[in-house]
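Written below as structure tokens is the structure these notes are about.
The values are calculated or read from the model by the stated rules, or taken from the named source; none is laboratory data. Just so it is clear, the model here is predicted, and its values are computed rather than measured. All Cβ positions, even for glycine, are placed from backbone atoms using ideal geometry, and neighbour counts span all protein chains on display. These accessible areas exclude ligands, DNA and RNA; they are computed on the full protein's heavy atoms, side chains included. Shrake-Rupley method; radii C 1.70, N 1.55, O 1.52, S 1.80 Å.
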Amino acid sequence: MIKSVKIWLAIVLLPMPLYLSMFLLGLIGLAGYWGYYIPFWSLGEPFFKYSSDTGWYYPTLYGHILAAVAYSIIFWCGYYLLKKVWRK
């Protein structure tokens, strides 16, 4: 269980190193940061703010929270489903 919690924390906290990689790696880091939020871009405002300068969406605080909650639900549902399947 401790290993799964560590994996979950890594998934939820992934935007922090991805955000820092934007400044260190340039476009590669930016692609990674945007890649984390791509499944949620279609929700638009108030979760993501459109930047006319770049033509991309940037996550707001609500977008960060939405992504963390969604990825947490996906991870834990998958974890318990796989745990139940492997137990039988």
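Identify, among Y37, W76, Y58, the residue whose Cα sits farthest towards the positive end of the charge dipole of the chain, taking +1 on the Cβ of Lys and Arg and -1 on the Cβ of Asp and Glu, with the dipole about the Cα centre.
Most positive-ward Cα: W76.
How far is helix 15-25 tilted, in degrees, relative to the longest principal axis of the Cα atoms in the chain, given as a value from 0 to 90 rounded to the nearest 10?
Around 50 degrees separate the two axes.
Restricting to lysine pairs 8 or more places apart or on different chains, what number in the chain have Cα atoms under 28 Å apart?
Summing the qualifying lysine pairs gives 6.
Working out 0.36 nm times the residue gap between K84 and S72, then minus their Cα-Cα distance, what length gain in nm do you get to one decimal?
Extra length from K84 to S72 when fully extended: 2.5 nm.
On average, how much accessible surface per residue is there in the chain, in Å², for a 1.4 Å probe, leaving out ligands, DNA and RNA?
On a per-residue basis, the chain sits at 73 Å².
Can you give the accessible area of I74 in Å² (nearest 10), computed on protein heavy atoms with a 1.4 Å probe?
So the heavy atoms of I74 present about 110 Å² to solvent.
Specify the angular offset, from 0 to 90 degrees and rounded to the nearest 10, of the alpha carbon long axis of helix 27-37 from the longest principal axis of the alpha carbons in the chain.
Helix 27-37 sits roughly 60 degrees off the main axis of the chain.
Less than 15 Å from a label point 7 Å out along the Cα-to-Cβ axis of A31: which backbone N atoms in the range 46-88 qualify, by residue?
Within reach of a label on A31, which here means backbone N under 15 Å from a point 7 Å along Cα→Cβ, the range 46-88 contributes nothing.
Shape verdict for the chain, please, from the Cα gyration tensor: rounded (a/c under 1.5), prolate (a/b greater than b/c) or oblate.
Prolate, since a/c reaches 1.5 and a/b exceeds b/c.
Carbon and sulfur together cover what percent of the accessible area of the chain at a 1.4 Å probe radius?
75
Compute a Gaussian network model of the chain, connecting alpha carbons closer than 10 Å, and tell me which residue from P39, P15, P59 fluctuates the most.
Among P39, P15, P59, the largest GNM mean-square fluctuation belongs to P39.
When the dipole is taken about the Cα centre of the chain, and only Lys, Arg (+1) and Asp, Glu (-1) are charged at their Cβ, what size is it in debye, to the nearest 20?
760
Given an 8 Å cut-off on Cα distances and at least 6 residues of separation, report the relative contact order of the range 30-80 as a percent.
Relative contact order for the range 30-80 comes out at 27 percent.
Using only Cα atoms, find the angle between the long axis of helix 61-87 and the longest principal axis of the chain, and express it within 0 to 90 degrees, rounded to the nearest 10.
Approximately 20 degrees, to the nearest ten.
Let me have the 222 nm mean residue ellipticity of the chain computed from DSSP H runs of 4+ only, each contributing -39500 (n - 2.57), with the sum over all residues rounded to the nearest 500.
It lands at -22500 deg cm²/dmol.
Full extension from K49 to I65: what is 0.36 nm times the residue separation minus their Cα-Cα distance, to one decimal in nm?
Taking K49 through I65 to full extension adds about 4.3 nm, to one decimal.
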